[in-house]
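These notes concern the structure reproduced below.
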Amino acid sequence: MARPAKAPGRSTAPRQATAPRPADALSGDSLAEAGDARIAWASAQMPVLDQIRARFAAARPLAGVRVGACLHITAETANLVRTLVFGGAEVALCAANPLSTQDDVAAALAERHGAAVYGRRGEDPAQLTAHVDTVIATSPQVVIDDGADLVAGVHERGSQLAEQLIGATEETTAGLLRVRAMEAQGVLRCPVMAVNESSAERSFNDYYGTGQSTVDGILRATNLLLAGRTFVVFGYGFTGRGIALRARGAGASVVVCEVDPLRALEARMAGYEVMPSLAAAAVGDVFVTVTGGRDVIGAEHFQRMKDGAVLANAGHFDVEISLPALHSLATGRQRVLPLVEQYTLSDGRRLNLLADGRVVNLAAGDGHPAAVMDISFAIQALCVERLVSAPAGFSPGVIGVPAEIDGAVARLKLDSLGIEIDELTDAQRDYLSAWEQPLR
Ligand code: ADE
């Protein structure tokens, strides 16, 4: 169900989140109050965004700008939205996934932080699409996307709407694949900043964020012991590397399946077993897809898997594990735990699907830790500011995050951790930019 804010984006100063409270004090409280406590807890881990928010509150660089966002509605996202609202933006937010919305956070954002919020955990795809339409109907000038539903939606509804966009930012690999497909077809009419490809985002969000939160989601859903198990990771991009690292850290033997020869070699050099997916299907205990592709695990894999195998997807869309193939092979199906659906095959083997094959770190857990999202959402906030403040605007197309934004965010994060680093001397700088003399 939709939760339009009482006063979306009005100029009244948004209220600060309340201080964190002990969990037992929350039991009788309103949903919004519980959400506010969660937002404040996350905020304490997000010092970079906090500093940007303070600057935005004073300078109001987004005054009157309509921002449409399609993101996972979490406490971390709430802190990004608060930052934009403090900067003067009018924010309409819809859910990027039916299972990632934290209802208490959505309530707090709508009731206490001046954003219009459309999303509720457990909605069906039609409701999700309706919310995307509602956000598009607010005629956003800037879009923040996680999966490209808003950017694609704006373009599907007419090029005029798309041309009116100052620009968009995209948080995820899957979204950038879509936006690049639009660009290749010559239909992309606005600039889209590739936040997902910024150096800081790759190093922290994909590697540490997805790595930890995916293993966390699997453990929360199942309470499995990973030590001694064979854990198969499909895809060895930045996210796959993070997941493999954390699974190994928990004691699992890790197998990597990868179609790119260089990445496959990197996985082997990192000490993982590398093999084709059908071979891995026969030996794995836990399978995680994180490829951005579709039907990565299908009927032939299910037919080879061991009894009790666990299947999870950490990619953005729920198409990496073929659910139609699983449904057609299964003779029975039972929900054995809140986030575990057990499929029985004709020979009696049972396969356990987590969170309906949806992004397991958000559907079974709370997503990436706030300390990681601090970096991602600081980049998002600064990219939105850059899009709005660029004097001549940007040309339509996918554009990189300006390098100085990456650098500024990393420096603020180091400051917040109390870490100092050296600076090059002038002589060292000169050496690095010289070519004429022998470089001895
Ligand atoms: N994507 C991954 N983790 C997230 C989080 N905690 N909040 C919003 N988006 C996310």
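Key figures
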| item | result |
| --- | --- |
| Tally, over region 199-216, of residues that are within 29 Å of R411 (Cβ to Cβ) and either surrounded by 24 or more Cβ atoms within 10 Å (Cβ to Cβ) or within 12 Å of the ligand (Cβ to nearest atom) (or both) | 12 |
| Within region 109-184, helices (runs of 4 or more DSSP H) holding 3 or more residues that are in contact with a strand residue (DSSP E or B) (Cβ under 9 Å, 6 or more places away or on another chain) | 125-136, 149-156, 173-184 |
| Residue match in region 73-85 (condition: assigned to a helix (DSSP H, G or I), surrounded by 24 or more Cβ atoms within 10 Å (Cβ to Cβ), away from the ligand (no atom under 16 Å from the Cβ) and not basic (K, R)) | yes |
| Residue count, region 243-289 (criterion: in contact with a Gly (Cβ under 6 Å, 6 or more places away or on another chain), free of Cβ contacts under 8 Å to residues at least 40 places away in the same chain and among the β-branched types (V, I, T)) | 0 |
| Residue under evaluation G365, criteria (1) crowded, with 20+ Cβ neighbours inside 10 Å; (2) at pLDDT below 95, criterion not met | (2) |
| Residue match in region 383-392 (condition: at positive phi and either out of contact with any Leu (no Cβ under 9 Å at 6 or more places or on another chain) or more than 16 Å from the ligand (Cβ to nearest atom) (or both)) | no |
| Every pair of residues 6+ apart whose Cβ atoms lie under 6 Å, when the first sits in region 76-90 and is small (G, A, S) while the second is away from the ligand (no atom under 16 Å from the Cβ) and in a helix (DSSP H, G or I) | G87/F56 |
| Any hit, region 39-46, residues being modelled with pLDDT of 95 or more and away from the ligand (no atom under 16 Å from the Cβ) | no |
| Residue check, G175 touching a residue at least 24 places away in the same chain (Cβ under 8 Å), crowded, with 20+ Cβ neighbours inside 10 Å, among the small types (G, A, S) and touching a Leu at 6+ places or on another chain (Cβ under 9 Å) | no |
| Number of the condition not met by A279 [criteria: (1) within 27 Å of the chain's Cα centre (by Cα); (2) away from the ligand (no atom under 16 Å from the Cβ); (3) part of a helix (DSSP H, G or I)] | (1) |
| Which numbered condition S139 misses (of (1) surrounded by fewer than 23 Cβ atoms within 10 Å (Cβ to Cβ); (2) within 18 Å of L362 (Cα to Cα); (3) touching a Leu at 6+ places or on another chain (Cβ under 8 Å)) | (2) |
| Residue count for region 178-198, restricted to those that are without any contact (Cβ under 8 Å) to a residue 12 or more places away in the chain and either of a type in the set (S, T, N, Q) or within 16 Å of the ligand (Cβ to nearest atom) (or both) | 1 |
| Counted residues, region 316-341 - those being free of Cβ contacts under 8 Å to residues at least 24 places away in the same chain, surrounded by 17 or more Cβ atoms within 10 Å (Cβ to Cβ) and more than 25 Å from the chain's Cα centre (by Cα) | 1 |
| Positions within region 344-377 being charged (D, E, K, R) and free of Cβ contacts under 8 Å to residues at least 40 places away in the same chain, in sequence order | D347 |
| Test: residue in region 76-89 that is of a type in the set (S, T, N, Q) and over 21 Å from the mean Cα position of the chain (by Cα) | no |
| Residues being among the acidic types (D, E), within 23 Å of G175 (Cβ to Cβ) and out of contact with any Gly (no Cβ under 8 Å at 6 or more places or on another chain) - total across region 383-433 | 1 |
| In region 217-264, the residues that are assigned to a helix (DSSP H, G or I), surrounded by fewer than 23 Cβ atoms within 10 Å (Cβ to Cβ) and among the β-branched types (V, I, T) | T222 |
| Odd one out for A108, checked against (1) within 15 Å of the ligand (Cβ to nearest atom); (2) buried (at least 17 other Cβ atoms within 10 Å of the Cβ); (3) within 19 Å of the chain's Cα centre (by Cα); (4) not β-branched (V, I, T) | (3) |
| Among the candidates G64, G68, residue that is surrounded by fewer than 19 Cβ atoms within 10 Å (Cβ to Cβ) and touching a strand residue (DSSP E or B) at 6+ places or on another chain (Cβ under 9 Å) | G64 |
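Quick grid of which residues meet (1) away from the ligand (no atom under 16 Å from the Cβ); (2) under 18 Å from the mean Cα position of the chain (by Cα); (3) under 27 Å from D356 (Cα atoms); (4) at pLDDT below 95:
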| residue | (1), (2), (3), (4) |
| --- | --- |
| D36 | yes, no, no, no |
| V65 | yes, no, no, no |
| V91 | no, no, no, no |
| C94 | no, yes, yes, no |
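The values are calculated or read from the model by the stated rules, or taken from the named source; none is laboratory data. Note that the coordinates shown come from a computational prediction; the quantities given were computed from them, not determined experimentally. Don't worry about glycine lacking a Cβ; one is built from the backbone with ideal geometry, like all the others, and counts go over all protein chains shown.
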